[in-house]
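Engineer: Please find one structure pasted underneath; my questions will follow.
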Amino acid sequence: MLAIRLLRVGRKHQPSYKIVVADKKNAPRGGRFRDEVGSWNPLTKQRILKAEKIKDWISKGAKPSDTVYNMLVKEKILQGPKRDVHKKSKKEQ
């Protein structure tokens, strides 16, 4: 199964992420991913998303991770409510 997920790149304390399509079972290390569909820099809040590629991969069956899904909803590439990303504490359960 394919997943659209984040791949961390960048130096220590300077994170930057590539948004890639990769197999869900294996980590996308060392260039082992199918396609790069965007990037995100959390320090500058800059997002670059290739909407056509993302829609094409979703039509082929790739599922976005929760964080990527929320980004796509915010950028209006996908429609729907945002997903909860943070785990609920054991006290609340």
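The values are calculated or read from the model by the stated rules, or taken from the named source; none is laboratory data. The shown structure was predicted, so the numbers you read here are calculated from the model rather than taken from an experiment. Note that each Cβ is placed from the backbone with ideal geometry, even for glycine, and that neighbours are counted across all protein chains shown. When the accessible area is computed, the model is the full protein with side chains, heavy atoms only, and any ligands, DNA or RNA have been set aside. Shrake-Rupley method; radii C 1.70, N 1.55, O 1.52, S 1.80 Å.
Engineer: Could you please find all residues in the range 8-42 being in contact with a helix residue (DSSP H, G or I) (Cβ under 8 Å, 6 or more places away or on another chain) and open to solvent by less than 40 Å² (accessible area, probe 1.4 Å)?
Structural biologist: 19, 21, 35, 37, 38
Engineer: Same structure, new question: Given the criterion open to solvent by less than 30 Å² (accessible area, probe 1.4 Å), under 15 Å from the mean Cα position of the chain (by Cα) and hydrophobic (A, V, I, L, M, F, W, C), identify the matching residue among 58, 54.
Structural biologist: Sole residue among the options that is open to solvent by less than 30 Å² (accessible area, probe 1.4 Å), under 15 Å from the mean Cα position of the chain (by Cα) and hydrophobic (A, V, I, L, M, F, W, C): 54.
Engineer: How many residues does the range 61-93 contain that are within 19 Å of residue 8 (Cβ to Cβ) and without any contact (Cβ under 8 Å) to a residue 12 or more places away in the chain?
Structural biologist: Going through the range 61-93 one residue at a time, the tally reaches 1.
Engineer: Looking only at the range 35-42, decide whether some residue is within 13 Å of the chain's Cα centre (by Cα), polar (S, T, N, Q) and within 19 Å of residue 77 (Cα to Cα).
Structural biologist: Yes, the range 35-42 has at least one match.
Engineer: Right, something else. Which of the residues spanning the range 61-93 are in contact with a helix residue (DSSP H, G or I) (Cβ under 8 Å, 6 or more places away or on another chain) and either in a helix (DSSP H, G or I) or open to solvent by less than 80 Å² (accessible area, probe 1.4 Å) (or both)?
Structural biologist: If the condition is that a residue be in contact with a helix residue (DSSP H, G or I) (Cβ under 8 Å, 6 or more places away or on another chain) and either in a helix (DSSP H, G or I) or open to solvent by less than 80 Å² (accessible area, probe 1.4 Å) (or both), then 64, 72, 77, 78, 80, 85 are the ones that fit.
Engineer: Please specify each residue of the range 28-58 satisfying the condition of being under 23 Å from residue 12 (Cβ atoms) and among the charged types (D, E, K, R).
Structural biologist: 29, 32, 36, 45, 47
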